[in-house]
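Coordinate-derived values only; no laboratory data. Since we're looking at a predicted model, the values are computed, not measured. All Cβ positions, even for glycine, are placed from backbone atoms using ideal geometry, and neighbour counts span all protein chains on display.
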Amino acid sequence: MSPLLLHLLLAAALFSIGLGGALIRRNAIVVLISIELMLNAANLNFLAFWRYGPEPEALNGPLFVLFAIAVAAAEAAVGLALIIAIYRRYQTHQLEDISRLKG
Amino acid sequence: MEFFARHLWLIPVLPLLAAGLGALLGQSRQRTAIGLSIAAMVGACLLSAGAFLLTLTGPASVGPYRYHHNLTWFESGTAAVQIGWLLDPLSACMLLMITFVGTLIFLFSTGYMAHDARIGRFFCFLSLFAAAMLGVVLSNSLLLLFVCWELVGLASYLLIGFWYDRPAAAAAARKAFLTTRIGDLGFLVGMLWLSAETGTLLFYDNGNGCLEASALTQLVARLTTTGMGVSTAISLLLFCGAAGKSGQVPLHVWLPDAMEGPTPVSALIHAATMVAAGVFLMARVFPLATLGGTPEHPAVTLQVMTWIGALTALFGALTAVAQTDIKRILAYSTVSQLGFMMMGLGAGGPPVGMLHLLTHAFFKALLFLGAGSVIHGCDGEQDIRKMGGLRARMPLTFATYAVGMMALSGVPLVFSGFWSKDAILHALEEWPISKVPFLLGLVTALITAFYMTRQMAYVFFGSDRSAHAHPAHESPRIMTLPLILLAAVTVGLSAVATPFRPWLEEFLAGASGHSPEIPSGTWMVLGLSTLASLAGITLGWRFYGGGKAAGVGVPEPLELRFPRLYRILANRFYFDELYASTAVRGTIAAAWMAAGFDHALGGLYRDVAALLSSAGSWVARMTDQWVINTSFDDGCDGLRTSGRLASRAHDGKPQHYLRALAVGVVLLVLGLAWIARP
């Protein structure tokens with residue numbers, strides 16, 4: 001088994017765990033954490049393809065990851081703020097109770 | 001002195017401003033409106049006096065004084081319409097007369113109308129009238145004259161119908177307006193024709209005006225298709241307008257009815273000024289009317305004027321004999337005197353006609369104001385049969401009225417009416433065409449003296465014949481003062497109007513270049529007219545004097561003697577009935593025919609239109625129901641259903657959305673794997 005494949009398998013496992021958490025858990029904060037897990041799985045893929053790719057000297061993989069982390073931080077801040085606002089309004093953080101957006 | 005000529009326009013503008021401001025002032029400021037009107041009139045009077053003095057200073061060697069100022073009203077293409085004002089002896093005399101008589105009548109009205117709630121409006125109308133009349137006199141353009149002429153008609157309509165809540169007054173106002181319009185149609189056509197022939201409507205324009213030599217020589221050469229001179233045709237058309245305004249015979253019917261207005265209005269409009277406008281117009285365009293005539297054979301227009309005038313004079317005098325309304329008698333006497341003026345104008349030229357116009361304006365205003373004073377004293381009573389014996393109770397009114405009556409009747413020596421009437425008779429006596437107008441004039445003079453004596457006997461002599469006359473009282477000072485002033489002028493004018501010292505006539509003659517001849521045969525005419533007037537008065541006194549004037553319901557002396565004649569006269573020769581059965585009925589019949597035609601044609605149009613529109617509406621309804629409604633409704637249903645289905649997916653649960661996303665990702669991955677299979 002090549003190191004690239006091992007890395008990809010690890011990232012896939014991480015993504016599946018995140019996806020499962022996001023789909024199954026009711027707590028909004030846990031869902032947010034699960035989304036972060038999926039994001040990091042993608043970052044791992046970036047790094048793996050960079051490290052074992054044809055041009056490891058170019059540093060484009062870490063660069064993408066740094067951007068992704070910055071965007072993820074901003075997204076987490078917005079998500080947390082939304083969760084707090086929703087909690088203030090509905091006094092709950094259970095996702096199934098928040099269905100005002102239904103069409 | 002030039003100031004007065006250059007600011008001539010101020011004379012009509014002052015009363016116009018007073019009228020405008022008076023109209024803006026409210027009900028509570030009526031006294032201010034009255035003050036404004038009188039102040040404006042006094043101002044106009046002073047300016048007119050200045051202008052009159054200015055015309056006196058003109059050097060006689062270079063002809064009469066004439067000042068004109070023209071300005072362009074508007075331009076259309078190459079044609080410019082010009083208007084302007086003109087000062088010559090003719091307009092100066094008229095100005096002074098109108099503003100002086102007007103001022104006195106304004107003063108009189110403050111007393112006469114004191115109890116009327118709408119006195120402010122009354123003065124506003126009076127000022128408008130004065131402004132328009134002054135405009136007529138001053139204008140140097142036939143167009144401007146026509147505009148002011150119509151304004152005069154409007155003001156007269158408003159004033160006759162001032163008491164519009166009386167049906168008779170409203171009807172009289174309408175009648176006056178419509179009757180004068182008939183004449184004005186001729187005026188308008190004549191004016192347009194003149195404009196087409198000479199290219200200008202200015203009277204005097206440094207040689208280019210339509211009354212100056214170049215235009216006149218041009219006109220005299222042209223003939224209409226019927227062989228009549230163009231100048232004759234135009235001046236006859238203008239005469240139509242003059243006849244309408246001045247109450248000449250076929251169009252006189254409005255003037256007696258116009259007495260429904262307040263008495264000062266009758267004095268101002270229907271005695272002194274407006275009705276004289278027609279005579280003034282003919283005097284103004286006299287150079288045009290006299291074209292193509294010789295001393296032996298005067299122009300056709302002048303002959304027509306003389307004959308119509310003679311008929312009018314006789315008719316008016318005869319009708320006045322059998323009237324019982326104090327103002328109606330004076331109205332018919334005005335008709336008669338206007339006939340005299342037209343005769344004088346036709347036979348003797350502007351100086352003779354205008355002389356009588358001026359003297360008549362003063363003594364007829366005096367008579368009307370005197371009648372107003374009588375009516376005021378008798379509590380609104382106008383029927384002379386219900387008066388009587390007022391001599392003792394209204395001494396001032398009686399004295400001044402007597403002066404007016406004697407001036408109108410032509411009592412010799414100190415009354416101006418005698419001299420001006422004499423000038424007319426003298427001109428008629430020398431008229432080369434026929435002596436009939438002269439005889440008619442003499443007869444009219446006799447009848448005039450007769451009916452005035454009758455009126456005096458009824459109103460002032462004998463005993464009171466009704467409750468109205470009994471408590472009669474003298475009018476207040478503000479009303480008697482104008483009477484005294486007018487009486488003084490009536491007497492005073494004779495000093496400058498006798499054939500021995502014809503200053504006024506010569507002054508006026510300067511205006512048109514017709515100098516009166518040295519009076520030959522003056523004594524004969526003087527004697528005859530004196531005889532006529534004295535005979536009339538004697539006859540009148542024989543019939544009515546000494547308490548023989550009868551009350552209501554009792555046949556009066558003349559009626560007993562000549563019952564059939566009296567009936568004809570009392571019914572005013574059945575003129576109104578004649579018009580009612582011909583002109584009025586004809587108009588109504590024509591209107592009915594037009595209405596019927598309209599109805600028939602309209603019915604056809606209506607049926608076709610109804611058919612077309614109902615067919616159209618059926619098509620529209622079908623389209624609406626089947627094409628528009630159905631397709632639209634179906635489309636809406638489809639949209640609604642699809643929306644309902646689609647909205648199921650959006651249940652508002654984030655994790656359901658996420659699930660859909662995950663399923664999508666899994667399917668994507670599977671698809672990619674399927675495509676990338678080795």
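Determine the sum of side-chain charges near B:ARG465: Lys and Arg each +1, Asp and Glu each -1, restricted to other residues whose C-beta is under 10 angstrom from that of B:ARG465.
For residues surrounding B:ARG465, the net value is 0.
What angle, in degrees between 0 and 90 and rounded to the nearest 10, separates the Cα long axis of helix A:28-51 from the longest principal axis of the Cα atoms of chain A?
That works out to roughly 10 degrees.
Please give the charge dipole size of segment B:83-179, origin at the Cα centre, charges +1 on K and R Cβ atoms and -1 on D and E Cβ atoms. Round to the nearest 20 debye.
The dipole of segment B:83-179 has a size of about 280 debye.
What's the angle, to the nearest 10 degrees (0 to 90), between helix B:230-245's Cα axis and the longest principal axis of chain B?
That works out to roughly 90 degrees.
Determine the sum of side-chain charges near B:ASP184: Lys and Arg each +1, Asp and Glu each -1, restricted to other residues whose C-beta is under 14 angstrom from that of B:ASP184.
+1
Please compute the contact order of segment B:293-337 in relative form: average sequence separation of alpha-carbon pairs under 8 Å and at least six residues apart, divided by the residue count, as a percent.
Computed value for segment B:293-337: 35 percent relative contact order.
Could you please report the charge total around B:THR397, scoring K, R as +1 and D, E as -1 over all other residues with beta-carbon less than 14 angstrom from its beta-carbon?
In short, +2.
Percent relative contact order of chain B, based on C-alpha pairs within less than 8 angstrom and at least six residues apart?
11
Nearest 10 degrees is fine. How inclined is helix B:142-160 to the longest principal axis of chain B, computing both from alpha carbons?
90
A 23 angstrom limit on the alpha carbon distance is what I want to check against. Which of B:LYS175/B:LYS245; B:LYS245/B:LYS386; B:LYS364/B:LYS435 exceed it?
B:LYS245/B:LYS386; B:LYS364/B:LYS435
By average Cβ neighbour count within 10 Å, what is the ranking of B:429-436, B:333-340, B:379-386, B:13-20 from highest down?
Result, highest mean Cβ count within 10 Å first: B:333-340, B:13-20, B:379-386, B:429-436.
Could you give each residue of segment B:367-373 its phi-based ³J(HN,Hα) in whole Hz, using Karplus coefficients 6.51, -1.76, 1.60 with θ = phi - 60°, and x for Gly or Pro?
Using θ = phi - 60°, the values come out as 5, 5, 5, x, 4, x, 4 Hz.
Which cross-chain or sequence-distant (5 or more) residues have an amide H under 5 Å from the amide H of B:GLY293, H modelled 1.01 Å from N in plane?
B:ALA299
Which of the peptides B:231-238, A:20-27 is most tightly packed, and how do the rest follow, going by the mean number of other Cβ atoms within 10 Å of each residue?
Ranking, from highest mean packing down: B:231-238, A:20-27.
Provide the per-residue ³J(HN,Hα) series for segment B:360-365, in order, calculated from phi with Karplus coefficients 6.51, -1.76, 1.60 and θ = phi - 60°, each as a whole number of Hz, with x at glycine and proline positions.
Residue by residue, segment B:360-365 yields 4, 4, 6, 6, 6, 4 Hz.
Would you kindly derive the ³J(HN,Hα) couplings of segment B:608-624 from the backbone phi angles with the Karplus curve 6.51 cos²θ - 1.76 cosθ + 1.60 (θ = phi - 60°), listing them in order in whole Hz, with x for Gly and Pro?
Each residue of segment B:608-624 in turn: 4, 5, 5, 4, 4, 6, 6, 4, x, 6, 5, 4, 5, 5, 4, 4, 4 Hz.
If the only charges are +1 at each Lys and Arg Cβ and -1 at each Asp and Glu Cβ, what is the size of the charge dipole of the protein assembly as shown around the Cα centre, to the nearest 20 debye?
For the protein assembly as shown, the charge dipole is close to 1900 debye.
Show the residues, 5+ positions off or on another chain, whose built amide H is closer than 5 Å to the amide H of B:GLY229.
Those lying under 5 Å, H to H, from B:GLY229 are B:THR224.
Scan around B:TRP73 for amide H atoms under 5 Å from its own, H built in the peptide plane at 1.01 Å from N, and keep only partners 5 or more places away or cross-chain.
HN-HN under 5 Å from B:TRP73: B:VAL81, B:GLN82, B:ILE83.
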